[in-house]
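Any read-out appearing in this document is the output of simple, stated calculations on the displayed coordinates, not a laboratory observation. Just so we're clear, the structure is a prediction, and the values are computed from it rather than from any experiment. With ideal geometry, Cβ positions are generated from the backbone for all residues, glycine too; neighbour counts draw on all protein chains shown.
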């Protein structure tokens, strides 16, 4: 039986691949790893609010599989233009029942980009659902979100692996990246656009990877689409396997097991 380890956790963006995050978190729950602080971008921000609210990985993956969740994010309408995110959908409160970031059970950070200033904005206070949606507003697919004096978009454009807010805490930093560097490349227009986005997100992650005590990803992630939920459990299982291997190795290195 593993001992207890407390870590800080940084979760990248990656849309439907967020099931991999949930698999890694489930592996942590299984092996006695506690999360002392959490930071996320895009789908990583959505999941961070669930963790901060005390919702288990298995409960969240069940929510991800629901038609209500997929409808809330408008994934079924991807080919028809700009997608909507329905911030009033009750299912988003199922993921994050605590409505304010400052009330979370652990310190929780959401990373966005402000289109007006062109700067990264990190939130540890504010409306949980509104800010999680703002961090997921991948333009031009999703519309920007107006919040207070900001016009917010997906944090992944400037910081897709938000490790920096976690460096103030006395825990080793574990970062999980849904965008592996090596991907299978097609040459149709859609694939080229996706590849360009991948490279943008990868570039914004490189400096953060170096700040991590444990970095988790998997090249097989490239086989999972960003806006399709048909293989959510297979992605979850991949995260669980990779997370278990990485965490147990790290705990051995830390002489915890």
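Data table
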quantity: Convex hull volume of the chain per residue (C-alpha atoms, cubic angstrom); calculated: 115 Å³
quantity: Using alpha carbons only: equivalent-ellipsoid semi-axes of the stretch 36-146, gyration tensor based, whole Å; calculated: 21, 19, 10
quantity: Pair residue 125, residue 256: separation of 7 Å Cα→Cβ label points (nm); calculated: 3.1 nm
quantity: Residues 218, 114, sorted so that the one with the fewest Cβ neighbours within 10 Å comes first; calculated: 114, 218
